[in-house]
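K.L.:
Input: one structure, supplied below.
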Amino acid sequence: MIERPPHPRLSPPPRHAPLLAIKNLVTAFHTPAGRIPAVDGVSLSIERGRTLGIVGESGCGKSVTAMSVLRLVASPGRIEAGEILFSSGGTTLDLATLPEPAMRSVRGGRIGMIFQEPMTSLNPVFTVGDQIAEAVLLHRRVSREAARARALEMLQLVRLADPRQRLDEYPHQLSGGMRQRVMIAMALACDPELVIADEPTTALDVTIQAQILELLSELRARLGTAIVLITHDLGVVAETCDDVAVMYAGRVVEQAPAAELFARPRHPYTIGLLAARPSPGMKHSGPLCTIPGMVPLPQHFPAGCRFHPRCAYARLPGAESGSGRVVPLPAGELPCNAAVPPLHEVAPGHWVRCFHAESLGPPRSAQEIAAGGLFS
Amino acid sequence: MTAPLVEVEQLQTYFPIRRGLLRRVVGNVQAVDGVSFSIARGKTLGLVGESGCGKTTVGRSILRLVEPTGGRVAFDGLAVRDLRGRDLRNLRRRMQVVFQDPYGSLNPRMTVRALIEEGLIIHGLGSARERVDRVVRAMERTGLSRQALERYPHEFSGGQRQRIAIARALVLEPDFLVLDEPISALDLSIQAQVVNLLIELREQLGLTYLFISHDLSVVEHVSDEVAVMYLGRIVERATAAALYAQPLHPYTLALFSAVPTVDPARRRRRIVLVGDVPSPSNPPRGCRFHPRCPLAESVCREVDPPMVSLPEHAVHCHVAARELARSGGNASVAAATIAALLADRATPPTATLSPG
């Protein structure tokens, strides 16, 4: 049983320097229609050798967060504020402001990347071996032969069948799962300390996804690489990550160790997401729980808590909450549409951005919530 | 038990592979190869499987959006494959389809009204005024407001676009809907809304569904019966309750175990299959699953497994057949034995070469 501390702290406890610490990151896109804050004050950290899952629906800012770390945000987007502190080899670099030439040696070197669609991220006119060797040659002072040997070694590491033969094949000759193995081989070729994987299994079938996830966790255990796994699939996160951050509308709304988050979700959005999945055996208990409304577009983010128009617990002065229910606002309490709730700690390591996380009653599992029909 | 609305028998859909100057047929992609099932009126059959297994082709073959190369499809007693011209068009009014991608399936240059009305015009149904009434009624059924009539698809979110696609299918008052991955392109919080809508419509309008999806838990929630496809064949078919409680085919077990879940209590021991799905242009002989099956025996490599039927359950697998015979047809005993066998055999693949 986890006891709640008497006074919730308002900033993460100081630990030994994490591998990557993102602090109040703001990344916005400047379009003719106005400024679009895709990432709006995100703070996250990841320790060496651990896996952090970032989950959320499309447009929540999870990919832009990753792209900001790699400094691959395309114009008209730019990092406007915040720090991205990467501690590597005894020094700490702020990737948010690092000059581009120095950034180039980090990107693909000390930080590897795996993207969703291996067909579009691999170059169709070069062989698999050339592409991996190129990554090695960019970051290491080695001969072509050594780079090619490294490429072969990496293909063996990711357990691609017939690695020697695959080295001279082109991406189109490989299946989706094999291509994703090549992507992983490329990401790991320079011994990165951190790998950022953006939806690495979304384009794959479940049995192939199982192979790739198994491979990723095996490699992490063997090489000690930290992984940031970005996905919309709660199940993938639950099974592969140590820590989870849930994002909604450009902000982190809940963060906790994976086991804690899925056993005792505290943010109404997380609770709603978990309850919206049909769980086996509840077929005849009526319709699925739904979150009303839809994900807001960044140009129309609501004021205050960005989830309040869809939230069953939103407390608003006289107005209606998303569920149509009016919850009276106790004296002295801030209405959900007036102020941004701070991310605060409700249990050790469990952070929630909701004014009412404490008053929602004892934390319950998503299954209980689903069965009880909290959202309807 | 009423007569089935849709009956499919030994359905076969091959796509020719043409090569060379004369475009000679050098082989066939056996997308669907001997699929049989029936769906009773008002019921839902879920069709699951991985990409390339032929589930979409089954749906399209029933609608004759692709021409089957063999087998029999009956819809309300009519032989679908023999219909031509007006008869086929009349039949198509009664069978509609909703596709996966509401971004690709709606013409961006047409207003919502024109999109939904199109089917009525094609089938020559109603006067202009009646058509608008029917369009509005279909929109209301799917939770779209009248204000949306003159707007364009790009003004809507994915979930609302899928509602437009559903309204477009419903306006013709069909009996049967093929739902081809209707929620896969939608955000998680929107998927549940569309699933609830589909179930509500089925109950209100007495619709019959073929629900094609790779999402096993949604299929369980929506379907009365579920069929699992692999490489052009149905490998197992059962009532949703029986299939999920007692999967008998090793592929079904592997598929279920591969789905990541947030609930530790539901987590199955993962059976990681080695390798990829073979090409449907050159399927393996014997049981099509044998190259990836941890339980494959010599008979599996040679002989195509026949169907073994129980009242609520049918499976094509030599091992399952033997276990069912051994347990006197007790599916839960056989399922437990097969699961135990798989847990024993499916040791995690060992690293071939391990450079430091």
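The values are calculated or read from the model by the stated rules, or taken from the named source; none is laboratory data. Since this is a predicted model, take the numbers as computed values, not measurements. Cβ coordinates were reconstructed from backbone atoms using ideal geometry, including for glycine residues, and neighbour counts include every protein chain displayed. The protein model used for the area step is the full one, side chains on, heavy atoms only, and it has no ligands, DNA or RNA in it. Shrake-Rupley method; radii C 1.70, N 1.55, O 1.52, S 1.80 Å.
K.L.:
Could you give the angle, 0 to 90 degrees to the nearest 10, between helix A:144-157's Cα long axis and the longest principal axis of the Cα atoms of chain A?
P.N.:
50 degrees
K.L.:
Sorting B:332, B:223 by accessible area (1.4 Å probe), largest first, what list results?
P.N.:
Result of the area sort, largest leading: B:332, B:223.
K.L.:
Going highest first, how would you order B:78-91, B:243-256, B:182-195 by mean Cβ packing within 10 Å?
P.N.:
By packing density, highest mean first, the sequence is B:243-256, B:182-195, B:78-91.
K.L.:
Counting other Cβ atoms within 10 Å, which trypsin sites (Lys or Arg not before Pro) in the stretch A:14-113 have at most 14 and lie in a DSSP loop?
P.N.:
Passing both the DSSP loop test and the Cβ count: A:15.
K.L.:
Please give me, ordered by residue number, the GluC sites (Glu not before Pro) of the stretch A:132-239 that lie in loop per DSSP and have at most 16 other Cβ atoms within 10 Å.
P.N.:
A:169
K.L.:
Moving to a separate point now. Could you tell me which of rounded, prolate or oblate describes the protein assembly as shown, using a ≥ b ≥ c as the square roots of the eigenvalues of the alpha-carbon gyration tensor, with rounded for a/c under 1.5 and, failing that, prolate when a/b is larger than b/c and oblate otherwise?
P.N.:
Oblate, since a/c reaches 1.5 and b/c is not below a/b.
K.L.:
Let me ask something else. If you place +1 on the Cβ of every Lys and Arg, -1 on the Cβ of every Asp and Glu, and leave all else neutral, what size is the dipole of the protein assembly as shown about its Cα centre, to the nearest 20 Debye?
P.N.:
940 debye
K.L.:
Roughly how many whole Å is it from the C-alpha centroid of the stretch B:286-300 to that of the stretch B:81-97?
P.N.:
One Cα centre to the other: 40 Å.
K.L.:
Got a sec? Which residues in the stretch B:77-102 would a label at residue B:152 touch, if it sits 7 Å along Cα→Cβ and we count backbone N under 20 Å?
P.N.:
Correct set: B:102.
K.L.:
Once Lys and Arg get +1 and Asp and Glu get -1 on their Cβ, which of B:142, B:122, B:160 lies farthest toward the positive end of the dipole of the stretch B:104-173?
P.N.:
Highest projection toward the positive end goes to B:160.
K.L.:
Give me the one-decimal nm value for the distance between modelled label points at residue A:161 and residue B:326, 7 Å along each residue's Cα-to-Cβ direction.
P.N.:
2.9 nm
K.L.:
Provide the FRET efficiency to the nearest 0.05 for the residue A:299-residue B:343 pair, computing r from the beta carbons and using R0 = 51 Å.
P.N.:
The calculated FRET efficiency here is 0.50.
K.L.:
Obtain the nm distance between the two label points defined at residue B:239 and residue B:282 by a simple spin-label model: each point lies 7 Å from its Cα along the Cα-to-C-beta direction.
P.N.:
In this crude spin-label approximation the distance works out to 4.4 nm.
K.L.:
Per the helix-only calculation at 222 nm, which mean residue ellipticity applies to chain B, given -39500 (n - 2.57) for every DSSP H run of n ≥ 4 and division by its residues, nearest 500 deg cm²/dmol?
P.N.:
When only DSSP H runs of four or more count, the value is -10500 deg cm²/dmol.
K.L.:
Another question, if that's okay. For residue B:89, put the label point 7 Å out on the Cα→Cβ axis and report which residues of the stretch B:106-132 keep their amide N under 11 Å from it.
P.N.:
Those under the cut-off are B:121-125.
K.L.:
As I understand it, the value is the acute angle between the Cα axis of helix A:176-188 and the longest principal axis of the Cα atoms of chain A; what does it come to in degrees, rounded to 10?
P.N.:
Computed tilt is about 80 degrees.
K.L.:
Can you give me the solvent accessible area of residue A:301 with a 1.4 Å probe, rounded to the nearest 10 Å²?
P.N.:
Ignoring ligands and nucleic acids, residue A:301 comes out at about 30 Å².
K.L.:
Could you work out how much longer the chain between residue B:10 and residue B:312 gets when fully extended? Use 0.36 nm per residue separation minus the Cα distance between them, nm to one decimal.
P.N.:
So the chain would gain 106.7 nm between residue B:10 and residue B:312.
K.L.:
Still on this structure, I have one more. For the stretch B:104-173, what does the equivalent ellipsoid look like in terms of its semi-axes, each the square root of 5 times an eigenvalue of the Cα gyration tensor, given largest first in whole Å?
P.N.:
Each semi-axis is the square root of five times an eigenvalue, giving 18, 12, 11 Å.
K.L.:
Could you give the angle, 0 to 90 degrees to the nearest 10, between helix A:128-139's Cα long axis and the longest principal axis of the Cα atoms of chain A?
P.N.:
Helix A:128-139 sits roughly 80 degrees off the main axis of chain A.
K.L.:
Here's a follow-up. What is the distance in Å between the Cα centres of the stretch A:234-313 and the stretch B:46-79?
P.N.:
Computed from Cα coordinates, the inter-centre distance equals 37 Å.
K.L.:
While we're looking at this one, here's another question. Using the heavy atoms of the protein chains and a 1.4 angstrom probe, tell me the accessible area per residue for the stretch B:104-173 in square angstrom.
P.N.:
49 Å²
K.L.:
I would also like to ask the following. How much length is gained if the chain between residue A:142 and residue A:97 is pulled fully straight, taking 0.36 nm per residue apart and subtracting their Cα-Cα distance, in nm to one decimal?
P.N.:
Once the chain is fully extended between residue A:142 and residue A:97, it gains 13.3 nm.
K.L.:
Also, quick follow-up: Name the shape class, rounded, prolate or oblate, that the alpha-carbon gyration tensor gives for chain A, where a ≥ b ≥ c are the square roots of its eigenvalues, rounded holds for a/c under 1.5, and otherwise prolate holds if a/b is larger than b/c and oblate otherwise.
P.N.:
Prolate shape, in that a/c is at least 1.5 and a/b is the bigger ratio.
K.L.:
A further question on this structure: Which value, in square angstrom to the nearest 100, describes the accessible area buried between chains A and B on both sides, using a 1.4 angstrom probe?
P.N.:
3900 Å²
K.L.:
Where both partners of a DSSP beta bridge lie in chain B, what percent of those bridges are antiparallel, to the nearest 5?
P.N.:
65 percent
K.L.:
A further question follows. The stretch A:99-160 to the stretch B:136-151: how many Å between their Cα centroids?
P.N.:
51 Å
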